[in-house]
1. Apply 1/(1 + (r/R0)^6) to the Cβ-Cβ distance of Glu258 and Ala230, taking R0 = 35 Å, and write down the FRET efficiency to the nearest 0.05.
2. Could you tell me the distance between the Cα centroids of region 348-418 and region 149-216, to the nearest Å?
3. By per-residue mean of other Cβ atoms within 10 Å, what is the highest-first order of 323-329, 130-136?
4. Put a dot 7 Å past each Cα toward the Cβ at Leu414 and Gln279; how far apart are the dots in nm?
5. Quote the FRET efficiency, to the nearest 0.05, computed for Arg188 versus Tyr137 with a Förster distance R0 of 22 Å and r equal to the Cβ-Cβ distance.
6. Quick one: of Lys174/Lys369; Lys189/Lys257; Lys119/Lys214; Lys43/Lys171; Lys43/Lys364, which pairs are farther than 31 Å apart, Cα to Cα?
7. Using a Förster distance of 30 Å, how high is the FRET efficiency between Ser391 and Leu62, based on the Cβ-Cβ distance and rounded to 0.05?
8. Give the long-range amide H neighbours of Leu359: residues separated by 5 or more places, or on another chain, with amide H under 5 Å away, using H modelled in the peptide plane at 1.01 Å from N.
Amino acid sequence: MAIDTDIRVERQEAPPAIPPLSPAYNDDEISLLDLLIVLAQRKRLIFLMTAGLGILGLVVSLILPKGYTAVATILPPQQNSSMASALASQLGSLGAMASLAGHDLNLKNPSDMYVAMFKSQTVEDAMIQRFGLMQEYRQKYLSTTRKVFEKEFTADGTTKDGLIHLSVDDKDPKRAAEMANAWIEEFRKLSQTLAISEASQRRLFFELQMQQAKDNLANAEEALKQTEQATGVIQMDSQARALIESAVTLRAQIAAKEVQLQAMRTYATNENSGVVQAQQELDELRSQLARLGGTEDNGPGSLIVPKGKVPEAGLEYIRRLRDVKYYETIFEILARQFEMAKLDEAKEGAVVQVVDPALVPDRKSSPKKALITIVATFLGLFLGIMIALLSAGMERMRQDPETNAKLSFLRRTLRLRA
């Protein structure tokens, strides 16, 4: 009895034997335990593949040339609407038009326009020529050089701080800083030729309008001169001259107020308090003009003097003189606004302000040795596992007689065709 008890104890304590792997696939599913067994049997292959690619990644990261990144930060100009409001208080119509010119520049993100200018072809070509980047990047064509340029030069204006960050990658840290600062210089050269700020837009608008008014004034003066020579009238009584000057001033104010109303109705309804006030002021100006005995419906050629007060011989002279006074008043108004726009443009100063100029980087930005080594190691682990599973599958297929016969037939067929 004691012997039987000992035998039973020994049988209970003996470790269970590991079942051998089946030589062929008898089921459609493979258990996780089978996969772990296959990986355990080929752990040497997996280890060698993982270590080999990890070491290869480290060697490659040491061989790759070092890269440095220089970063410059700039503050784009903010659109200033107070200047347009000041103009509107001085001269309603022209101020409203200037305000609209500045309003049209507002973007969803104001930095987007300046980032696009940094990436413009004009700025890129200037940088390529300045630093000889075609030879540096070993490119034959300017178009392909721009593509490489856009990879090495980055302008980011999507940050929450509202600033534009410029980064330049290069093998030489000093050269990287120089190119980042030169990038800002080339942008400024471009911006000086463009009217991108509110004051610049107003200055350009008034400059064009003033040139047109100057031409009209010159034509009116020439017509008055010819009338004087034809009629012989060179003077007129003070009453008629005062009436003409008053009427001309009122007509200029009416024209300005009409333009203001037209501009305001593009973004406001007729019930708007500003529109209502402007309409009342326009009606009052028209009423004053009507009391002088004139009209503003027939344009510059209408007679704005009391009927029967002007001799017939001086009628043509009065018309020409009125035209001269009218265009002279318009020209003076535009000239004042043009000078104000020039002063505002000068106050804005530089288009962009440099918050942090690019400094020579003291640490390399590439290659990232740790990242390359880790990625290569995980790639080696993945490839090792895949090769181990494939080799195990091929081995099991060879152990199956039917599958082995098919493989042999396939090899013979390939040899005959070769």
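Read-outs: derived from the displayed coordinates by stated rules, not from any lab. Note that this is a predicted model, so its numbers are computed, not measured. Reconstructed Cβ throughout: ideal geometry from the backbone, glycine too, with neighbour counts over all protein chains shown.
1. That pair, Glu258 with Ala230, gives E of 0.55.
2. 43
3. Ranked by mean Cβ neighbours within 10 Å, highest first: 323-329, 130-136.
4. 8.9
5. Rounded to the nearest 0.05, the efficiency is 0.35.
6. Details: Lys174/Lys369 22 Å; Lys189/Lys257 39 Å; Lys119/Lys214 39 Å; Lys43/Lys171 42 Å; Lys43/Lys364 38 Å.
Check vs 31 Å cut-off fails for Lys189/Lys257; Lys119/Lys214; Lys43/Lys171; Lys43/Lys364.
7. The computed FRET efficiency comes out at 0.40.
8. Close amide H contacts, sequence-distant or interchain: Val71.
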